[in-house]
Protein chains: 2
Amino acid sequence: MSAGKSQMNRILVTGANGFIGCHICKLLIISGFEVHGVSRTAPSGAQPNGMIVHTADLLTAGAPTALVRNVRPSHLLHLAWSEPKTRALMKIENVEWISASHELFRAFIEADGRRAVFAGSFAEYDWDHETLHETRTPARARTLYGAAKNAVRELVEISGRESSVSTAWARISWVYGPHEPRGRLVSDVASDLLSGRKVETTAGQQERDFIHVVDVARALEALLIGDVRGIVNVASGQCVPVRMVVEILGQLAGRSDLLAIGAKAMPANEPLRLAADVNRLRVEMGFVARYPLEEGLAATLDWWRAHAAAE
Amino acid sequence: MSAGKSQMNRILVTGANGFIGCHICKLLIISGFEVHGVSRTAPSGAQPNGMIVHTADLLTAGAPTALVRNVRPSHLLHLAWSEPKTRALMKIENVEWISASHELFRAFIEADGRRAVFAGSFAEYDWDHETLHETRTPARARTLYGAAKNAVRELVEISGRESSVSTAWARISWVYGPHEPRGRLVSDVASDLLSGRKVETTAGQQERDFIHVVDVARALEALLIGDVRGIVNVASGQCVPVRMVVEILGQLAGRSDLLAIGAKAMPANEPLRLAADVNRLRVEMGFVARYPLEEGLAATLDWWRAHAAAE
């Protein structure tokens, strides 16, 4: 896919140094975008070649507006948020992202931006439902993280309605892959197995939709280049027991002996099944995920092997 | 109703100088609460006898926490918001109330508060539905005001879940009555008629649930004293055409000659009917509104007559 030569496509990517950000920026540069990546922390040196780097704390009021006025992007991809670790889901900082994200989008409208894509989350959905559909399943968060995402989505929808900006809201399922920070299922299990640490998990019967981060990046790129509007589930469409993910990692690492599946109690109210309806992604966008689960997990383990020394 | 003598009931009322605030504070003092009223602006001298007055701008980060630590209330009634005029519904300031309101509630939890009631709005509902029910009708705002209220509600629900605070969210329908600021239907029509100004309205076929502000205050008092949790519609249960409200005001003022009903075009997408389901209010709380529409409008006109000089 090409972003076109006739009109300059300049994209501002927030959270460019993050888990998803570092994958999508590479793709966007290849697609012909002029990529401006912003992160809270100074660049680590691992930025893709050709990315124009900005450092800003978007949670400072006025910072999103100053950044957008400086870059004047035609496209916006808003990935930035607080660390995606499970224990961060109830932090107050999530609430601060509401006004920061809204300010960013308002500045983008004022700067005559054309297309904006936001990273939403399955945490926005009411998890009393088994199959999560963009419009048929009600939004009802369990965490401040999910509630803040819901708030940003509603504010963006309303502020965008009277503008000429086209927007899409990517609701991303359980993403895993290279560069995932520790503190989440796949990153913790993969790195623990390779370090020879015992892995204690729940019985793992709960079923989730796991998607490889490169597939997420490809879907976000397709969303940015296209004009599909509103909420789109970005998910693999495959709903598997968490236990299966853990067992595959154990087998691939050759360390199934380290697994203690069932050693931890299932948290109360943990939903048994959260499947993604991926009709919009498949039918309207013609998008197909490339990574089957086993292949995606193998690639993730390879990455951890290469980065184990750095840990 | 009595708030009880055995345990001290100290309530913090935000927006105490506002339209609803000035009515409810009087009731709460009579009920035996120690009432701490906070407003952005310094007191005008019209505060009810016995109210302890605080001045604070709750939109300043840290201000809600400092106030709550100072007052240490057992009860919280959060009414404060930006001016409720129609043209303010899309102002950015609405978004600032999200984190301010959430900070207020978190501080209340930390100060061992027991019961909190919040002013929500019918602007939270998806207006593609004709009858608005607390849980069966989806939330989907059309304005930043409504979206911000939705966000506060979801954040309060989540933050309150693991606390011992009991909370209720009053979704208030179209409130009218004495002390309503200009810029809304009843206040504008009433004051225009009494001043001999021509009144131009839409055809007014759209049906809404109007409730007198004293009935709203009584319902909020009942919510504060009781323990009903979650969303409760605070509405009259009577859904009437806007035209009828205008015509009654014209007749009561003896100035039907000033009415030009139909002179203004109906805004696009204006919902034809927005009725309130008031089963929770009536059955669970045993609450009945006291003001029939005509009586409530007559009382409102009386108030405007007495205050015309001050205008």
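The values are calculated or read from the model by the stated rules, or taken from the named source; none is laboratory data. Computed from a predicted structure; not experimentally measured. All Cβ positions, glycine included, derive from the backbone under ideal geometry; neighbour counts span all protein chains shown. What goes into the accessible areas is simple: the full protein's heavy atoms, side chains included, and nothing from ligands, DNA or RNA. Shrake-Rupley method; radii C 1.70, N 1.55, O 1.52, S 1.80 Å.
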Checklist line | Every residue from segment B:32-42 that is modelled with pLDDT under 95 and either within 20 Å of the chain's Cα centre (by Cα) or among the charged types (D, E, K, R) (or both) | finding: B:Ser39, B:Arg40, B:Thr41
Check: Which one is surrounded by the fewest Cβ atoms within 10 Å (Cβ to Cβ) among residues in segment A:238-268 that are among the charged types (D, E, K, R) and without any contact (Cβ under 8 Å) to a residue 24 or more places away in the chain?
Finding: A:Asp257
Notebook entry, point to check: Can you find a residue in segment A:222-231 that is away from chain B (no Cβ under 14 Å) and within 28 Å of B:Val156 (Cα to Cα)?
Noted result: no
Check: Does segment B:89-109 include one or more residues that are in a loop (DSSP other than H, G, I, E, B) and crowded, with 22+ Cβ neighbours inside 10 Å?
Finding: no
Margin query: Taking the condition of being within 30 Å of A:Thr60 (Cα to Cα) and out of contact with any Pro (no Cβ under 6 Å at 6 or more places or on another chain), how many residues in segment B:45-71 meet it?
Written below: 17
Check: Tell me, which residue of segment B:141-150 that is facing chain A (nearest Cβ under 7 Å) and touching a Leu at 6+ places or on another chain (Cβ under 8 Å) is most open to solvent (accessible area, probe 1.4 Å)?
Finding: B:Thr143
Note to self: Would you confirm, using the coordinates I've provided, whether B:Ala235 is open to solvent by less than 20 Å² (accessible area, probe 1.4 Å), among the small types (Gly, Ala, Ser), within 17 Å of B:Val283 (Cα to Cα) and at pLDDT 95 or above?
What the structure shows: yes
Notebook entry, point to check: Looking at (1) under 29 Å from A:Asn9 (Cβ atoms); (2) more than 10 Å from chain B (Cβ to nearest Cβ), which is the one condition that is false for A:Leu193?
Noted result: (1)
Next item on the list: Restricting attention to segment B:158-173, report how many residues are in a helix (DSSP H, G or I) and touching a residue at least 40 places away in the same chain (Cβ under 8 Å).
Entry: 2
Check: If you take the residues in segment A:158-167 that are open to solvent by less than 60 Å² (accessible area, probe 1.4 Å) and of a type outside the set (A, V, I, L, M, F, W, C), which one is farthest from the other protein chains (Cβ to nearest Cβ)?
Finding: A:Ser166
Margin query: Here is a check on your reading of the model: is A:Val228 out of contact with any Ser or Thr (no Cβ under 6 Å at 6 or more places or on another chain) and part of a loop (DSSP other than H, G, I, E, B)?
Written below: yes
Notebook entry, point to check: Of everything in segment A:112-124 that's open to solvent by less than 10 Å² (accessible area, probe 1.4 Å) and without any contact (Cβ under 8 Å) to a residue 60 or more places away in the chain, which residue is nearest to the other protein chains (Cβ to nearest Cβ)?
Noted result: A:Glu124
